[in-house]
Structure formats: C-alpha cells, structure tokens
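The values are calculated or read from the model by the stated rules, or taken from the named source; none is laboratory data. Model, not experiment: these values are computed from the prediction. Here the Cβ is made from the backbone with ideal geometry for all residues, glycine too, and neighbour counts use every protein chain on show.
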Amino acid sequence: MEYEIQYARLATTEKLPDRFLNAQVKSSSDLAKSSMGKVISLIEILTPWFPTAQIGQTIINIFFQKYYEGGSTSDLVNFEEALKKVNESLAQITQNGETDWIGNLNGILGVIVENKLHIAQTGKAEAYIFRDGKVNHLTFGLAQNGAEPHPLKTFSNITSGELKSLDKILIGNPELYQHLSIENIRQIITLNTPDEAILQIARILKKKRVNTVNVLIINLLSIEELAKQPVEDEEETVYLDRPLESIWAGAARVWNEIFSPILKFLGKGSKKVGGQTVSFTKNYLAKLSEKKKAQEPLRKKDLFDKEFMQENREEGLLKDEEIQYSPELNVHYYEEKKKADENKFSKFLNTIWRNFKKAFNFIIGLAKNRKTRAYFFIGLAIIILIILGLFINARRHRNQTQFNLTGAQSILKDAESANDQAKAAILSNDTEKAKQLLAEAISKAQQIENFPVVGQDAKNLLASAYADLDKLTSTTRFSSLNPLISIDDNVVASFVANNQGYLISKSDIYRGLISGGKPEKVASVPKNSGDFQFGVVMGKNIFLYTSSQKIFEYATDTGKIDLAKTNFDKWETANACASYGGNIYLLDGIIGQIYKHALSSDTFGASVTYINSPSIDIKNSDSLAIDGDVYVLKDSDVLKFTKGKLQDFGLKDTPTPWSKIEKPIKIYTDGDTPSLYVLDGGQKRILEYDKDGHFIHQYALPDSFQDLHDFVVSPKAKKIWVVNKNALYEINI
C-alpha cells in the first residue's frame, strides 16, 4: 500500500538569543532517492546563538546528506549509518574545544519510509504518536537518563515501528510540554488536521507570549484517505514571531464567522419576501391586464380572414408558396430582440441602483434630521447587537466541541486516578476503600463512555474497574444476553415448566420452547374479565389474577382457560401471590394483609387472614415467597413469618458500595430452593441470600435492561430466567 504524509511546522523566523532551535521535514531532490522517504529533525541547543548555531546546522546537514548517500537496501541500516556520522562529527567538534553544547542538546532525528518510522532521541525532546484518540509516548526511555553524555553516543538509542493510516506524530522541544499538557495536545491534534492543530497551538503560545517552541506534526495517509481529503504538496509553517494570519486570511475568517451567517439569515428572509412580492406582482398585473381589455373598444374586423383564411379567395392575390421572405427581416428581428434584452438588464441594474440610493439617502436623512436621529442610532445599535450576537454564537459553537472534550478528558483523568487509588487499596487489603473508589471510577467513566476521542478509554477503564469490583463483591456480571423467546407486547408474568416458557401479557398467554424459537399464543383472558396482573404455578396449572379481582386457571396440558372454582363470591384485592402445600396466598400491600385460600377438591375455600397482630406492618410491601415460612419483600428488606409470627430476620452483608436494594420488585424461593433471591430493578441485579438472610452472591444484568419485572429460579437446572420488557432471558447460577 502506498502512503503520503501531511505535515505542519511551528517555528520562528528570527534567531533566538539564548538557543539554537530548528525543526524540519526534508526529502532528497534526487528522484532516484524518493523511495528512501523523508527525514525529520528537531534540534535545540540551550546556549547562546554563537557558536552553537553552526553545531546545530552541522547535525542537520550531516544527517540529511549521509542518510541519502546510504547504499544499503535497508532503511534502518542507512539510518544507523547516518546517526553514526553525526556522532563522529560531534566528537570531532568536541576535540576542537567546542564543549558548551554537551548536556544542552535536545534533539530528535528520524526517517519515514512509506509507513515505517525510525527515530533517535537525545536530551529532553519528545515524540508522541496519536492513534484512534489514544496517545503513546514514542521516545519514552530512549534518552540516556542519568548517564554522563558522550559525543559518540549522542544519538545511540533508536525506536522503530510501523504506522497506520491516519496516525499522527508530534515532535516538540521541552518548552512545548511546559505550557501545554499532553491531554490538551491530544485534544487539539485528534480533532484537527496538522495545519489546523499547529495554528491552535500557536494561538495558545502567542497568548502566553512564548516564542521558544518548535513543533512538527505529521499525519500519515493511505491512498484511500488521500482520495477523501486534499493533501498539500507544500508544508504548512506557522511562525511564532509573526502574525498568525495574513490580511486575506483574517478577512476570510471574519467573512465566515460574521458576515456569511448574517447574509444567510437575511437571504432566507429576503427569499420569502421576494416570493410573496413576485406572487403579488403577478396577480396585480393579471388584474390590470383584464381591466385594460375590458376598457378597449371593439376593433372592426379587417379583411385578413377574407383574404388569407377563406377557401374562395380572390384569384389576384398571391398564394402562400409565392410569398418571398427577406433575410433582412430575420436580422432585424434578432437585433431588436437583443436590444430589448439589453434594455431589460440595464433597467434591472438601474432599478437596483435607484433603490440602493433611496435606502442610503433615507438612512443619511435619518442621521441628519434631529427629530429622527434617535431612531437612526437605535436602528444602528440593533444591527450592531445582531452582528455581535451572531459572532458570539459562531464562536460559542466553534468552542463547544473543545470545551466538551476538555471536560470529558478531565472526567477521564479523575476516573483513572480513582481506579489507580483503588488498585493500591486492594494491595493494602483495604477492601471497603477500594470498593468506594472503584464505584467512583465507574460513575465517572459512565458519563463519557460514548464521548468521541475519550469514549474507548472510558470503556476500557469500566471493564477494568468492574472486574476488580466484581471480585470484591461476589458478582457475576453479564454485559449482554440473548432472548430465548419474546412477544410483541410487554410481559407481566412468566413461568417455566417442562422446558416450556410461558409469557403472560395483559390479555394473552404465549408458550414457547426455552431452547429458542417463536412462541405461540395459546389462550386469552375472557372478555370483561380485566387484565392479567400476576400468577403462580400449582402442579400442571397456572393461576392468573386479573385486575377485576378474578383468578383464571390455565391448564398447560389441555390449553383450556376457565375461572378458578371457589365457594365464595370474590377474591381480595392483591398485588402479588404465592403458593405452598396446595394453598394460594394473596398479598395486599396496600392495607398490609396476607390472605390464605386452601384448595380442596379443585375448589378454593374462603380466605383466612395470615397477619393477626396490629403491631405487624407489611404495608407498601411488593412481593412474597413461601417455603413453609412466609417471606415478604418490603422497603428493600425482607420480613420472615413462621406460622404467622414475625421472626428476627433481615437481609445482611449486602456488599457495598451498593448495599441498598434500590427498587425491590420480587422475592423468590420455595420448598425446593435452598436460597432466597431478590430482583433489584434499580441496580439491575438479582441478589442471592441464604435462609438466614446472609448474602451469598449477586448477578449483575446488562445495562441495556430497562424494564425488569419478573424472574423464575430453578435450583435443579441451576438457571434463572428473567423477564425484561417483552422477552425471557436465561442465566446460569
């Protein structure tokens, strides 16, 4: 694949009194050497200009010359030989008594051949690569930190690698990183082309009155990317000691930011007014024409019809084929038409000029007239305010992306800091502090996980933080789940029996294999019987409670649905139910009571109240489950009853940082299930406790689940089936 590079340079035109500073990207003028790519150099010597300028330029010239003189087919070999010659020249300079440069040289020398990069560093000059919004430190560890500098080892450490299309490389002297953080630089470079990025960096440095910075920004492009965007043949250079914009560039910016939006706004309004004016004019002219015709006297009929249109014309008249047409007639017609068109255009221009003069004279008249002068200044002030408003809005819109990205990067930085502190707390066995810090990191990263540039970093941090937190909180996390069966309506209840899944909507019962497939509708609630609300499985039948306080019995083997048989008139109001030992229990969480209906000979008997003490409060409870004892889910906790008596019981050890059940939906257990399970819709999880209320484990459901309202547990199959909106999902336990 062929590649091309865009690059931009930040430099100074004048010599700096306290240093030599130069940055360049060059290629050989010999076409035969074009396959050797381009050479990169940034050299800074922190001593007065003379004589270090000569040394700095010597480094650049020797590197350039010796690299392109290399005869090897290996780019890396030619690069290393050129560096060797540079080091030898520096050693010779030192032997001649020039030693002030030692320890004061910051430099990067490199080559780019197709998509291959080789660079060498000395001192504190730095290079970074930006890829997919991320930044990597190219020159990390290349400098001879702590080692005594030696001329023959000035450029000795090399790094090489392959670039990808759209990779951007930044090379700068140490002054750059003192005034701009790498995060700010990443923001600027990621969102802009090299020349735009250089211009933004220059503006920041100009505001700080800094002129001791040189920067190179290089952008690698494949042939496919070249087809999408223009590539400049010449480098873009911005000088810190010159105005950043020419007069024409400044005028263009003012036009684009101020006058162009105003003209577009006025153009839309004038187009509408113009259309209305044209329509009015056409109607007016049409009426005027009709009125004129009505006023014209009737013209006497001439002999045209008689002479040319009648069959019995006089014989003395010329026949049509005998009439000769003069060519001068056509020329005359053309010239007259041309004059008419020219007159129309001239009249149009004159009309515009007259209207302009009238408007101008009117405005001048307002300004000259003492009585109307106040109105003139009011109008002028309004126009100025409109222009300023449009200008401020344009600037605000232009800076909005930069502001948002800066804020997102700040949030990411805080999240990374919290994550790092959490890892340190884990190592020191301070688990509570670690959990709090991990929760903080997750909360911050979630704010920006879909934000451009930093989104991928945030997602990676989330994955890391969740992995650490899940270990500390005994959590199995599911990032995504595939539905087993689903229907076109919201599900209010679900049941699993004999490898069949039953989804209950407000009006219908659907059945499908839990191995997958499309479910079929097998029954519906009879007319005038209300909507299905909840239900319970007893044997082979499903009993469903409706909003009209009826319970229907659906036989899974026959598919028939009928009213459950009773020896009383009406069921109690309820918001949940459970079954145990052939009996059905209804929970009325409004008044705070549980009703027990015993089943005998396929008929339910009248209710018996389960709560008999006025001191027991189960109002505002959400669900109940029974395994011989009765468990009531209320206010993020569980009450336990044995033979109607309240026990000393509660949920314990729910791990921080989310130790509270935010939105309790349902509790599940039965005589065959050794644990209690609670569905928390707020934290999108299912919590498992032992029968003494101690926390065992939790299952975190996907973040995409927004409408959790039912679940079923099978300890034998070691599975949980959970309902989200209109579908049934399965997880292993």
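When you scan region 548-590, how many residues do you find that are over 15 Å from Leu624 (Cα atoms), of a type in the set (A, V, I, L, M) and part of a loop (DSSP other than H, G, I, E, B)?
Of the residues in that region, 1 qualify.
With respect to Gly407, is the statement that it is within 29 Å of the chain's Cα centre (by Cα) and either under 25 Å from Trp658 (Cα atoms) or exposed (fewer than 13 other Cβ atoms within 10 Å of the Cβ) (or both) true?
On the way: within 29 Å of the chain's Cα centre (by Cα): yes; either under 25 Å from Trp658 (Cα atoms) or exposed (fewer than 13 other Cβ atoms within 10 Å of the Cβ) (or both): no.
When the stated conditions are applied, Gly407 does not pass them.
If you scan region 709-724, which residues turn out to be hydrophobic (A, V, I, L, M, F, W, C), over 16 Å from Ala576 (Cα atoms) and in contact with a strand residue (DSSP E or B) (Cβ under 6 Å, 6 or more places away or on another chain)?
Our first condition is that a residue be hydrophobic (A, V, I, L, M, F, W, C); within region 709-724, this holds for 711-713, 717, 720-723.
Now narrow it down to the ones that are over 16 Å from Ala576 (Cα atoms): 713, 717, 720-723.
Selection gives Val713, Ile720, Trp721, Val722, Val723.
Go through (1) under 45 Å from the mean Cα position of the chain (by Cα); (2) surrounded by 15 or more Cβ atoms within 10 Å (Cβ to Cβ); (3) at pLDDT below 95 and name the single condition Thr656 misses.
Against the list (1) under 45 Å from the mean Cα position of the chain (by Cα); (2) surrounded by 15 or more Cβ atoms within 10 Å (Cβ to Cβ); (3) at pLDDT below 95, Thr656 comes up short only on (2).
With the condition kept exactly as written, say whether any residue in region 622-643 is loosely packed, with under 12 Cβ neighbours inside 10 Å, in contact (Cβ under 8 Å) with a residue 12 or more places away in the chain and part of a strand (DSSP E or B). Don't jump to the end; show me each part of the working.
To start, the set of residues in region 622-643 that are loosely packed, with under 12 Cβ neighbours inside 10 Å comprises 628, 642-643.
Still in the list and also in contact (Cβ under 8 Å) with a residue 12 or more places away in the chain: 628, 642.
Now narrow it down to the ones that are part of a strand (DSSP E or B): 642.
Yes, the conditions are met somewhere in region 622-643.
Do you know which residues across region 707-720 are outside any loop (DSSP other than H, G, I, E, B) and either acidic (Asp, Glu) or buried (at least 21 other Cβ atoms within 10 Å of the Cβ) (or both)?
Narrowing region 707-720 to residues outside any loop (DSSP other than H, G, I, E, B): 708-714, 719-720.
Matches in region 707-720: Leu708, Asp710, Phe711, Val712, Val713, Ile720.
For region 535-592, how many residues are surrounded by 12 or more Cβ atoms within 10 Å (Cβ to Cβ) and of a type in the set (Asp, Glu)?
Residues flagged as surrounded by 12 or more Cβ atoms within 10 Å (Cβ to Cβ) and of a type in the set (Asp, Glu) within region 535-592 amount to 3.
As an exercise: evaluate Ile611 against (1) at pLDDT 95 or above; (2) more than 38 Å from the chain's Cα centre (by Cα); (3) part of a loop (DSSP other than H, G, I, E, B) and give the number of the one condition it does not meet.
Of (1) at pLDDT 95 or above; (2) more than 38 Å from the chain's Cα centre (by Cα); (3) part of a loop (DSSP other than H, G, I, E, B), only one is false for Ile611: (1).
With at pLDDT below 95 and surrounded by 19 or more Cβ atoms within 10 Å (Cβ to Cβ) as the only criterion, which of Lys459, Lys444 stands out? Break it down into steps so the answer makes sense when it comes.
On the way: Lys459 fails: surrounded by 19 or more Cβ atoms within 10 Å (Cβ to Cβ).
Being at pLDDT below 95 and surrounded by 19 or more Cβ atoms within 10 Å (Cβ to Cβ) holds for just one of Lys459, Lys444, which is Lys444.
Looking at Phe130, Phe140, can you tell me which residue is surrounded by 19 or more Cβ atoms within 10 Å (Cβ to Cβ), not aliphatic (A, V, I, L, M) and not assigned by TED's automatic domain parsing to the domain that holds Asn460?
Numbers: Phe140 fails: surrounded by 19 or more Cβ atoms within 10 Å (Cβ to Cβ).
Among Phe130, Phe140, only Phe130 is surrounded by 19 or more Cβ atoms within 10 Å (Cβ to Cβ), not aliphatic (A, V, I, L, M) and not assigned by TED's automatic domain parsing to the domain that holds Asn460.
Identify the residue in region 156-167 that is surrounded by 15 or more Cβ atoms within 10 Å (Cβ to Cβ) and in a strand (DSSP E or B) and, among all such residues, is nearest to the chain's Cα centre (by Cα).
It comes out as Thr159.
Applying the selection to region 56-84, what residues are of a type outside the set (Phe, Trp, Tyr), surrounded by fewer than 20 Cβ atoms within 10 Å (Cβ to Cβ) and farther than 14 Å from Ser35 by Cβ? Show your work before the answer.
Taking region 56-84 and keeping what is of a type outside the set (Phe, Trp, Tyr), we get 56-62, 65-66, 69-78, 80-84.
From the residues that got through so far, the ones that are surrounded by fewer than 20 Cβ atoms within 10 Å (Cβ to Cβ) too are 57-58, 61-62, 65-66, 69-74, 76-77, 80-81, 84.
Passing the criteria: Gln57, Thr58, Asn61, Ile62, Gln65, Lys66, Glu69, Leu76, Val77, Glu80, Glu81, Lys84.
Would you pick out the residues in region 25-73 that are part of a strand (DSSP E or B) and closer than 13 Å to Ile112 by Cα?
Val25, Lys26, Ser27, Lys38, Val39, Ile40, Ser41 - these are the residues of region 25-73 that are part of a strand (DSSP E or B) and closer than 13 Å to Ile112 by Cα.
Please name all residue pairs, on different chains or six or more residues apart, with Cβ atoms under 9 Å, provided the first residue is in region 438-466 and is over 15 Å from Asp414 (Cα atoms) and the second residue is of a type in the set (Val, Ile, Thr).
Here the result reads Phe451/Ile411; Pro452/Thr190; Pro452/Thr401; Val453/Thr190; Tyr466/Ile442; Tyr466/Thr475, each pair linking region 438-466 to a residue that is of a type in the set (Val, Ile, Thr).
Could you please give the count of residues in region 517-528 that are in contact (Cβ under 8 Å) with a residue 24 or more places away in the chain and either farther than 13 Å from Gly559 by Cβ or part of a loop (DSSP other than H, G, I, E, B) (or both)?
5
Residues of region 660-675 being in contact with a Gly (Cβ under 6 Å, 6 or more places away or on another chain) and free of Cβ contacts under 8 Å to residues at least 40 places away in the same chain, which ones?
Glu662, Lys663
Quick one: is Ala202 over 19 Å from Ile40 (Cβ atoms), of a type in the set (Gly, Ala, Ser) and modelled with pLDDT of 90 or more?
yes
Which condition number does Lys228 fail, the rest of (1) of a type outside the set (Gly, Ala, Ser); (2) without any contact (Cβ under 8 Å) to a residue 24 or more places away in the chain; (3) surrounded by 14 or more Cβ atoms within 10 Å (Cβ to Cβ) being met?
Tallying (1) of a type outside the set (Gly, Ala, Ser); (2) without any contact (Cβ under 8 Å) to a residue 24 or more places away in the chain; (3) surrounded by 14 or more Cβ atoms within 10 Å (Cβ to Cβ), Lys228 fails exactly one: (3).
Please name all residue pairs, on different chains or six or more residues apart, with Cβ atoms under 9 Å, provided the first residue is in region 347-368 and is without any contact (Cβ under 8 Å) to a residue 60 or more places away in the chain and the second residue is outside any helix (DSSP H, G or I).
That search, which allows pairs on different chains as well, returns Gly365/Thr372; Leu366/Thr372.
Residue pairs, Cβ under 6 Å, 6 or more apart or interchain, first in region 482-497 and under 17 Å from Ile720 (Cβ atoms), second not in a strand (DSSP E or B). List them.
Going by the 6 Å Cβ cut-off, the qualifying pairs are Leu484/Ile514; Leu484/Gly516; Ile485/Pro519; Val491/Asn726.
Looking only at region 376-387, decide whether some residue is in contact with a Leu (Cβ under 6 Å, 6 or more places away or on another chain) and closer than 27 Å to Thr656 by Cα.
So the first thing to find is which residues in region 376-387 are in contact with a Leu (Cβ under 6 Å, 6 or more places away or on another chain), and the list is 376.
Now restrict to residues that are closer than 27 Å to Thr656 by Cα: none.
Among the residues of region 376-387, not one is in contact with a Leu (Cβ under 6 Å, 6 or more places away or on another chain) and closer than 27 Å to Thr656 by Cα, which makes the answer no.
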